[in-house]
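The values are calculated or read from the model by the stated rules, or taken from the named source; none is laboratory data. Bear in mind that the values here come from a model prediction, so they are computed numbers and not experimental data. Virtual Cβ from ideal backbone geometry, glycine too; neighbours counted across all protein chains shown.
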Amino acid sequence: MSSGRILVVDDEPQIRRVMRVALSGAAYTVSDARSGEEALEKVREEKFDLVLLDVNLPGIGGIETCRAIRERSDVPVMMLTVRNSSRDAVAALDAGADDYVTKPFSMEVLLARIRATLRRAPNSPNGVDPVRFGNVAIHMSARRVTVDGKEVRLTPKEFDLLRFLIANGDTALPHERILQAVWGPDYGSEVQYLRVFIKQLRKKLEPDPASPRYILTEPWLGYRFRPSADPDGGSA
């Protein structure tokens, strides 16, 4: 039985072969693409559970490809990069990636990150569906969000993060606890992840992202969700 369908996007044939063998050995069904253009065509025509996307691609680069995927799909995207800087990480996450891995990496690490990216945050807020605050409605079972009645697309991890914050409403949550609950037990120090994802959630849900009402910063600790209209939150 397949553990999921993965699209590997890399312009190097050897890397695609190695990834196909390793991922198939881990019970994933694997397809591949040599370019961003080919990846976009496959995403249009087929359904995948995860896209492994190299940043350095000929033609349409990985970041641009990720943005284009996000315009039409909420499939989880993991970026692969040879660069290791906070700027590159932020660029990948801002483009809509759910995670990124820096080359070279061990296959054990990659498989663990894939499992983390595919997992769903377990907490659900008291069975209430939809959850409403202000002009926002969160349809938990359908994984849909509307603002003023209009659907707003969240990435899979953005939704999981929002759901976890709501499930622990009005509780100050440390960075490490959020990361481990939403991304997995191997995470905890990737505070930059949270800053980017919280920023994106605020842009999509808050009336004034610079003065958030619902997703509040707990200085030196983490974040808190408060379903009230008191505009006394802080920024990330």
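Kindly indicate whether Glu206 is modelled with pLDDT of 90 or more and surrounded by fewer than 18 Cβ atoms within 10 Å (Cβ to Cβ). I'd like the intermediate steps shown before the answer.
Numbers: modelled with pLDDT of 90 or more: yes; surrounded by fewer than 18 Cβ atoms within 10 Å (Cβ to Cβ): no.
Here the answer is no, as Glu206 does not meet what is asked.
What residue, among those in the stretch 209-222 that are of a type outside the set (A, V, I, L, M, F, W, C) and loosely packed, with under 15 Cβ neighbours inside 10 Å, is farthest from Phe159 (Cα to Cα)?
Kept after step one, since they are of a type outside the set (A, V, I, L, M, F, W, C), are these residues of the stretch 209-222: 209, 211-214, 217-219, 222.
Applying the additional criterion that residues be loosely packed, with under 15 Cβ neighbours inside 10 Å yields 211, 219.
On the way: Ser211: 21, Pro219: 23 Å.
Per the criteria, the residue is Pro219.
Could you please give the count of residues in the stretch 167-201 that are modelled with pLDDT of 90 or more, closer than 18 Å to Ala95 by Cα and buried (at least 21 other Cβ atoms within 10 Å of the Cβ)?
Summing the residues that are modelled with pLDDT of 90 or more, closer than 18 Å to Ala95 by Cα and buried (at least 21 other Cβ atoms within 10 Å of the Cβ) in the stretch 167-201 gives 3.
Would you please name the residue that is farthest from Thr102 (Cα to Cα), looking only at residues in the stretch 1-33 that are assigned to a helix (DSSP H, G or I) and β-branched (Val, Ile, Thr)?
So the first thing to find is which residues in the stretch 1-33 are assigned to a helix (DSSP H, G or I), and the list is 13-25.
So of that shortlist, the ones also β-branched (Val, Ile, Thr) come out as 15, 18, 21.
Values: Ile15: 14, Val18: 16, Val21: 20 Å.
Among residues in the stretch 1-33 that are assigned to a helix (DSSP H, G or I) and β-branched (Val, Ile, Thr), the one farthest from Thr102 (Cα to Cα) is Val21.
Being out of contact with any Phe, Trp or Tyr (no Cβ under 9 Å at 6 or more places or on another chain), more than 23 Å from Lys204 (Cβ to Cβ) and modelled with pLDDT of 90 or more is true for just one of Arg83, Arg44. Which residue is that? Reasoning before the result, please.
On the way: Arg83 fails: modelled with pLDDT of 90 or more.
The unique qualifying residue is Arg44.
Consider Leu216 carefully, then state whether it is out of contact with any helix residue (DSSP H, G or I) (no Cβ under 9 Å at 6 or more places or on another chain), within 15 Å of Phe164 (Cα to Cα) and modelled with pLDDT of 90 or more. Show your work before the answer.
Values: out of contact with any helix residue (DSSP H, G or I) (no Cβ under 9 Å at 6 or more places or on another chain): yes; within 15 Å of Phe164 (Cα to Cα): yes; modelled with pLDDT of 90 or more: yes.
In short, yes.
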